[in-house]
1. Tell me which strands (runs of 3 or more DSSP E) are completely within segment 480-554 and hold 2 or more residues being in contact (Cβ under 8 Å) with a residue 60 or more places away in the chain, or say none if there are none.
2. Can you pull out the residues in segment 119-144 that are more than 18 Å from Gly29 (Cβ to Cβ), open to solvent by 50 Å² or more (accessible area, probe 1.4 Å) and not basic (Lys, Arg)?
3. Take residues that are of a type in the set (Ser, Thr, Tyr) and tell me which of the strands (runs of 3 or more DSSP E) falling wholly in segment 122-232 contain 2 or more.
4. Scan Tyr123, Tyr82, Tyr93 and give me the residue that is touching an Asp or Glu at 6+ places or on another chain (Cβ under 7 Å), among the hydroxyl-bearing types (Ser, Thr, Tyr) and under 24 Å from Ala147 (Cα atoms).
5. Report, ordered by the first and then the second residue, all pairs with beta carbons closer than 7 Å, sequence separation of six or more or different chains, a first member in segment 259-274 that is open to solvent by 10 Å² or more (accessible area, probe 1.4 Å), and a second member that is among the β-branched types (Val, Ile, Thr) and not in a loop (DSSP other than H, G, I, E, B).
6. Scan segment 301-334 residue by residue and report those that are within 11 Å of Asp351 (Cα to Cα) and buried (at least 18 other Cβ atoms within 10 Å of the Cβ).
7. Return only the number of the condition from (1) part of a loop (DSSP other than H, G, I, E, B); (2) crowded, with 19+ Cβ neighbours inside 10 Å; (3) not basic (Lys, Arg) that Thr401 does not satisfy.
Amino acid sequence: MFRMINLILLLVLGLSVCPVRADENLDRGLVALARDRGQVFLSWRLLRSDPEDIAFNIYRVEVLTGKTEKVNAEPLAKSTCYLDDKADPGASYRYWVRPLVQGRELEPSKPFFVRAFPFSIPYVQILLKGNYTAHNVAVADLDSDGAYDYIIKQPDFNTDPWREPGYWERSRDTYKIEAYTSQGKFLWRYDMGWAIEMGTWYAPYIVYDIDGDGRAELYAKAGEGDPREIDGEVVSGPEYLVKIDGLRGELSGKIPWFSREGFDAEMSHVTRNFLTVAYLDGKKPSLIMQRGTYRIIKTGAFDAGLEKLWYWEASGPDEKYQGQGQHGLMSADIDGDGRDELVIGSAALDDNGRALWTTGLGHPDVGYVADIDPDRPGLEIFYGLETAHQSGGVCLAEAKTGKIIWSYDGPTKHVHEQGMVGDIDSAHPGLECYAGESDGSQYWLYSAKGERLSDKSFGDLAPRAIWWDGDPQKEIECRGRIFNYGADTLTVVEGTVIGMADCLGDWREEIITSLPGEIRIYSTSIPTETRRVCLMQDRQYRLGVAAASMGYFYPPQLGGNTIP
């Protein structure tokens, strides 16, 4: 209704309406956070459909007295955030924003409740239905109200199919997937059952509106009954891809998962399963399913009705693609034709399911598709290879062709975990690229041009670059600490980081953490005069957020294409 009223008013006022809009009906995403001394920090979304000269007014009502007042003295036209330093410490408020176009106010946003505590509470809290912790989180709109909801998988336990000591262990319980609205209301619980072992690679799930009804649905790997062997392994029995209604949690579709046939007997090779989403025709989303990483790889695309669009296998004429998989699937328009391709690791598939190229470098642990070097046309891919190399184990490749642009000229043993890409250093144009050896013996920080900037660790093999303060560069999150490159800590978040996305407020990103009995959505409370469109309206970024729940967490990257 809000979008319809907004559109009518824009037409009445004679304003131009953006012809391209997101398929998600995003609201303003208003968030209000208590700061020290009773201050309240507010931020909200700028949408792609907003006219360039849009401004905003902020209103608040004191809950106890009903007193309503406009907060800002002048329309806010330079940013989509505001610090209200006139709130009474301890008072409870509801805030809302109203867009202002050519002097006329449009419909208000949904209100956001906050208590102006005399101390900082920099997060939104979602209480869970028990004292467990979440292992994954998906972000999607389940009820078509324009706000993002949260779909977790619990408990926080992971067994890896690799059979070295300390990796695989018997599952003591079953995974449950739970849905919570943006307001914290529990919607449903789906038990994945004993046929799905409790490990990342046994239990992929994603949440996205592929069927186009305005509400996101859940897709997950599933089994049947209790096929466990005496030691707890699941090595047989039927396997499925299931579709679950996002609002009610009910099964609404089921097809077979790709079979175990063709893989060798090593469970670590058989049991690597993936899901993601791609706009293969550039117009509507398709579901992508994959099995395999280290040997044979089976990949297929499906439409909204779970009908197969195409199937590809790393065998026969494409046998050279075996073992080129990564711990994630990346959807990106790497050839600039408006349609998404799939980067499966050290190889890429075209939108029609045909193999495009492979570097032949083997399995990467680190892999990011982004516009890393702005001086080069198109996108690039930063790689860190798990497979040992005498040289080239850390490198940058051209996304369209797989051609290596630059690389580390020295031996690597096992470049590990997810590494990082992000513009963290203003002294060098483009994105910086970070990776490290599994044993901590070497670390690399490169500029986009391949200049080695540092050989020091950020404290982890998988730090995350994040937009948090007010400048154009990203900050770094590592083990809960957020800091600028080469500078002191800005803030600390509590719990285990399980997600990162621009799911609330202005264009800067939120950090989702898991603690016993809750998840927290941490949002920045640092003012900025930089104003830009919500990141979730960038197609590659949005699909990166969708893919984050199905495997290892690779933070999303911008691609420059909008969602049709």
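1. 496-501, 510-515, 518-522
2. Across segment 119-144, the qualifying residues are Phe119, Ser120, Leu127, Asn131.
3. Details: elements: 123-127, 136-140, 149-154, 176-180, 186-191, 205-208, 217-222.
In segment 122-232, 205-208 are the strands (runs of 3 or more DSSP E) which contain 2 or more residues that are of a type in the set (Ser, Thr, Tyr).
4. Of the residues listed, the single one that is touching an Asp or Glu at 6+ places or on another chain (Cβ under 7 Å), among the hydroxyl-bearing types (Ser, Thr, Tyr) and under 24 Å from Ala147 (Cα atoms) is Tyr93.
5. Arg260/Val270; Phe263/Val270
6. Matches in segment 301-334: Ala301, Ser331, Ala332, Asp333, Ile334.
7. (2)
Residue-wise test of (1) surrounded by 19 or more Cβ atoms within 10 Å (Cβ to Cβ); (2) farther than 30 Å from Ala487 by Cα.
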site: Ala348; (1), (2): yes, yes
site: Thr359; (1), (2): yes, yes
site: His363; (1), (2): no, yes
site: Val369; (1), (2): yes, no
site: Arg376; (1), (2): no, no
site: Tyr408; (1), (2): yes, no
site: Gln418; (1), (2): yes, no
site: Ser426; (1), (2): no, no
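The values are calculated or read from the model by the stated rules, or taken from the named source; none is laboratory data. Given the structure is predicted, the values throughout are model-derived calculations rather than measurements. Cβ sites come from the backbone with ideal geometry, for glycine too, and all protein chains shown count toward neighbours. The area values use the complete protein model at the heavy-atom level, side chains included, leaving out ligands, DNA and RNA. Shrake-Rupley method; radii C 1.70, N 1.55, O 1.52, S 1.80 Å.
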